[in-house]
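No value in this document is a laboratory result; all are computed from the given coordinates. All of these numbers come straight from a predicted model, not from anything done at the bench. No Cβ is skipped: glycine too gets one built from the backbone with ideal geometry, and neighbour counts run over all protein chains shown.
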Amino acid sequence: VPSDELLLAVDEAINRLREEEPRAAELVKLRCFAGMSMKEATEALGLSDTTAYRCWAYAKSWLKLQLAPDHGPST
């Protein structure tokens, strides 16, 4: 079970992602928190498959960097 601190860090990171790339942040929320498949989330957002997969790859990489212990939030 993730700790409250980790959940807060993830929430803050998604909010920062939303400022930079809103579609990618929404895709993360639909996939990770609403439990949608990639196909369901792509359709819900009205994205092409190519755009959705590009956003997903970007979001995963971006969040991984933001949540790395030695990185922290960018300012």
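Projected over all directions and averaged, the alpha-carbon convex hull of the stretch 1-49 occupies 3.7 nm².
Electrostatic tally near Arg18: other residues with Cβ closer than 13 Å to its Cβ, Lys and Arg +1, Asp and Glu -1, net -3.
How high is the relative contact order of the chain, given as a whole-number percent (alpha carbon pairs under 8 Å, six or more residues apart)? Can you show the working numbers first?
Working: 49 pairs, mean separation 23.3, N = 75.
Averaging sequence separation for qualifying contacts and normalising by length gives 31 percent for the chain.
Between helix 49-67 and the chain there is an angle of about 0 degrees, using the helix long axis and the longest principal axis of the Cα atoms.
In deg cm²/dmol, rounded to 500, what helix-only [θ] at 222 nm does the chain give when every DSSP H run of at least 4 residues adds -39500 (n - 2.57) and the total is split over its residues?
Values: 4 runs with 51 residues, N = 75.
Calculated at 222 nm, the ellipticity per residue is -21500 deg cm²/dmol.
Between Glu43 and Arg18, the modelled labels are 2.6 nm apart [label points 7 Å from Cα along Cα→Cβ]. Computed from label points 7 Å out along Cα-Cβ, the spacing between Tyr53 and Ala34 is 2.2 nm. Within the listed set Arg31, Arg54, Arg18, the Gaussian network model of the chain (springs between alpha-carbon atoms below 10 Å) gives the highest mean-square fluctuation for Arg54.
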